[in-house]
Amino acid sequence: MTDPVSYSTTTARLGMPMLFAGQSQKEVTVNEALSLLDILVSGNVQGVRNDAPATPANGQAWIVGTSPVGPFAGHANAVAVWTEGGWRFANAVPGMRLYDIQKHAFQLFDNAWTVTSPPAAPTGGSVVDTEARAAIAALILALKATGAFSTS
């Protein structure tokens with residue numbers, strides 16, 4: 001099951017549905033907004049997948065990969081969460097940061113999801129200063145990639 005209801009008015013940043021004057025069954029819209037908010041505020045995902053898991057637990061979330069299939073089709077880079085009502089999707093926005101439980105690291109979205117690998121530690125050599133500078137430079141690049149340091 002994909003998005004069960006289409007909403008004509010949503011919030012600008014997170015795409016949460018908004019109520020409109022005279023709306024009947026307001027609880028449907030409010031519950032949908034709360035479900036999406038729960039996905040995004042919890043701040044963690046199980047990992048990255050292109051296909052939906054066979055038996056997800058209620059509340060488990062994944063980052064949808066770049067080549068989604070099945071229920072994830074059409075939701076590349078979104079955050080998918082399994083709920084009692086089926087799959088819910090939240091579109092990623094630049095600056096979104098989620099903890100990837102599988103990788104034990106934060107994923108940062110900046111038009112693509114990125115996780116930074118640690119740089120290689122300096123080893124051996126007769127000139128420690130050169131190796132230390134290379135290791136420090138690699139650390140700075142890694143911290144920029146995760147959003148810890150500004151790139152400008």
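See the values below:
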{"read-out": "Residue check, VAL45 under 19 Å from THR114 (Cβ atoms) and surrounded by 15 or more Cβ atoms within 10 Å (Cβ to Cβ)", "value": "yes"}
{"read-out": "Among (1) more than 18 Å from ILE63 (Cα to Cα); (2) modelled with pLDDT of 80 or more; (3) of a type in the set (Asp, Glu); (4) surrounded by 13 or more Cβ atoms within 10 Å (Cβ to Cβ) - the single one GLU131 does not satisfy", "value": "(2)"}
{"read-out": "Cβ-Cβ under 6 Å pairs, at least 6 apart or on other chains, the range 31-44 side more than 19 Å from PHE106 (Cα to Cα), far side modelled with pLDDT of 80 or more and among the basic types (Lys, Arg)", "value": "SER35/ARG88"}
{"read-out": "Boolean, ALA57 is modelled with pLDDT of 75 or more, in contact with a helix residue (DSSP H, G or I) (Cβ under 7 Å, 6 or more places away or on another chain), among the hydrophobic types (A, V, I, L, M, F, W, C) and closer than 30 Å to GLN102 by Cα", "value": "no"}
{"read-out": "Residue tally, condition buried (at least 16 other Cβ atoms within 10 Å of the Cβ), outside any loop (DSSP other than H, G, I, E, B) and either of a type in the set (S, T, N, Q) or out of contact with any Lys or Arg (no Cβ under 9 Å at 6 or more places or on another chain) (or both), over the range 62-76", "value": "1"}
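The values are calculated or read from the model by the stated rules, or taken from the named source; none is laboratory data. Here the structure is a predicted model, which is why all the values come from computation and not from measurement. For neighbour counting, all protein chains shown are included, and Cβ atoms are generated from backbone atoms with ideal geometry for every residue, glycine included.
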